[in-house]
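Quick notes on the structure that follows.
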Amino acid sequence: MHGPLSAAWLLVALCAATGAYCLLRMRSGVEEQRRAAGGEALMGFGMAVMAVPAAVFTPPRWAWPVYAAVFAVAGLRALWAARSGPHHLHHLVGTGAMAYMAVAMAAAPPAAHHVHGGSGVPLVTGALLLYFTAYVLLSGARLVPTAVAVAGAGPARWGDRPELARACRLSMGIGMVAMLLTM
């Protein structure tokens, strides 16, 4: 990631914490939640690795095509899962964005990894930026608490709290916007 060092480390921390929480969500008793949490954990940790400042660690050239292949396979899995529910389409867009950024990093000359801009197709980057900005705004609006009282409901387990899962997705969306802005 290009940009201020402190912002890059904050993004690394945010994405790694999100990935760690998604791993906790994989302990849920609901099969669909476990599957979604696994894909989101991969996304969170992948974003954390990609956000590490280039001044600190520059991956070898062969790492970017591998990275793109991992997210392309995750995208195929999300496409297959989209048959059962439309929310998997967001996972498909997210994995596609990660594969796109990895391909852009692989195609950029090594010197471009240390300066602003120069990688990525502006039209694709712009479309992804618009999508994730809209997603962040809508997800943030959905997190606004409503006055709903559930009688007799016991405390939910950490992996089964829908508001935390939404916050997790929101933080990854914010991270994606930040990463796309630096392309």
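Listed values, structure above:
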| read-out | value |
| --- | --- |
| Accessible surface, 1.4 Å probe, highest first, among residues 25, 34 | 34, 25 |
| Estimated distance in nm for a label pair at residue 89 and residue 5, the labels positioned 7 Å out from Cα along Cα-to-Cβ | 4.4 nm |
| Residues of region 1-41: accessible area per residue with a 1.4 Å probe, Å² | 49 Å² |
| Exposure rank, largest accessible area first [71, 45, 57; 1.4 Å] | 57, 45, 71 |
| Relative contact order [Cα under 8 Å, 6+ residues apart], region 1-111, whole percent | 25 percent |
| Shape of region 1-101, Cα gyration tensor, a/c cut at 1.5 | oblate |
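The values are calculated or read from the model by the stated rules, or taken from the named source; none is laboratory data. Every value quoted in this text rests on a predicted model; they were computed, and no experiment measured them. Methodologically, a virtual Cβ is constructed for each residue, glycine included, from the backbone with ideal geometry; neighbour enumeration extends over all protein chains shown. Ligands, DNA and RNA are excluded from the accessible area calculation, which covers all protein heavy atoms including side chains. Shrake-Rupley method; radii C 1.70, N 1.55, O 1.52, S 1.80 Å.
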